[in-house]
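Presented below is the structure to which this report refers.
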Amino acid sequence: MSQSPKYMPGSVDPATYRKALGSFVTGVTVVTTLVGEAPVGTTVSAFSALSLSPPLILVSLARKSETLAHIKRTGFFAVNILSDRQSEIATRFATNAGAGKFDGIVYEHGQNGAPVFSEAGATIECDLEDSFSGGDHEILIGLVRNATIEGSHPPLVYFRGKFEEIAGALPGI
Ligand SMILES: Cc1cc2nc3c(=O)[nH]c(=O)nc-3n(C[C@H](O)[C@H](O)[C@H](O)COP(=O)(O)O)c2cc1C
């Protein structure tokens, strides 16, 4: 039986592929670093635990991301895991607004200097351990140097292109 080239194995329909990826529920993070005295960062859902010992995490950033270029220069970054109070921050950091992204954001410098947000559900500070090519993205491996947990607010959740709140759905939060 002949198949349309569009649906040959390994040639997934792009729109279906995007929708399928969007059906995977994720948390939302803002990945930051410090360039001189200038904070930079971007919204990232492609974050994952990788290893407990040594403590490693990974994030995947588009090759065109300015934040990616900055992290490869500085060699360190922080992952701010957002709470459900921070959807406006997630939206703002998903743009190319440059330094203006941090206007009015309350943050401190973590041990490695990268901005860690007050009210983030948790923060993870990393040295850039390695990076790998992944198509139009790069996979950054972070060696975790410090972590904090705020934890009194439910996490911000992203599903099918929308931010969702799950307050009340999780026991103990
Ligand atoms: C919910 C959400 C999740 C996102 N996740 C990622 C991601 O995992 N990796 C990525 O490269 N971009 C992701 N983006 C898009 C970037 O935030 C966006 O392209 C941003 O403008 C890049 O900024 P920069 O060039 O200053 O780094 C996401 C956007 C949103 C709204």
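With respect to being of a type in the set (S, T, N, Q), open to solvent by less than 30 Å² (accessible area, probe 1.4 Å) and either touching a Ser or Thr at 6+ places or on another chain (Cβ under 6 Å) or in a loop (DSSP other than H, G, I, E, B) (or both), Thr123 fits the description. Within the range 11-33, restricting attention to residues that are in a helix (DSSP H, G or I) and hydroxyl-bearing (Ser, Thr, Tyr), the residue that is least open to solvent (accessible area, probe 1.4 Å) is Thr16. Of all the residues in the range 82-91, those that are more than 8 Å from the ligand (Cβ to nearest atom) and open to solvent by less than 60 Å² (accessible area, probe 1.4 Å) number 6. Restricting attention to the range 143-160, the residues that are in a loop (DSSP other than H, G, I, E, B) and at pLDDT 95 or above add up to 1. Taking each residue of the range 34-63 that is over 23 Å from Asp103 (Cα atoms) and open to solvent by 50 Å² or more (accessible area, probe 1.4 Å) and looking for partners that are more than 7 Å from the ligand (Cβ to nearest atom) and among the polar types (S, T, N, Q) with beta-carbon atoms closer than 9 Å, six or more apart or interchain, yields Phe47/Thr26; Phe47/Thr29; Arg63/Ser133. Within the range 92-106, the set of residues being within 10 Å of the ligand (Cβ to nearest atom), in a loop (DSSP other than H, G, I, E, B) and open to solvent by 30 Å² or more (accessible area, probe 1.4 Å) comprises Ala94, Thr95, Asn96, Ala97.
The values are calculated or read from the model by the stated rules, or taken from the named source; none is laboratory data. Everything numeric here is computed off the predicted structure, so don't read it as measured data. FYI the Cβ positions are ideal-geometry reconstructions off the backbone, even for glycines, and counts take in every protein chain you see. Quick note on the areas: whole protein, heavy atoms, side chains included, nothing else; ligands and nucleic acids left out. Shrake-Rupley method; radii C 1.70, N 1.55, O 1.52, S 1.80 Å.
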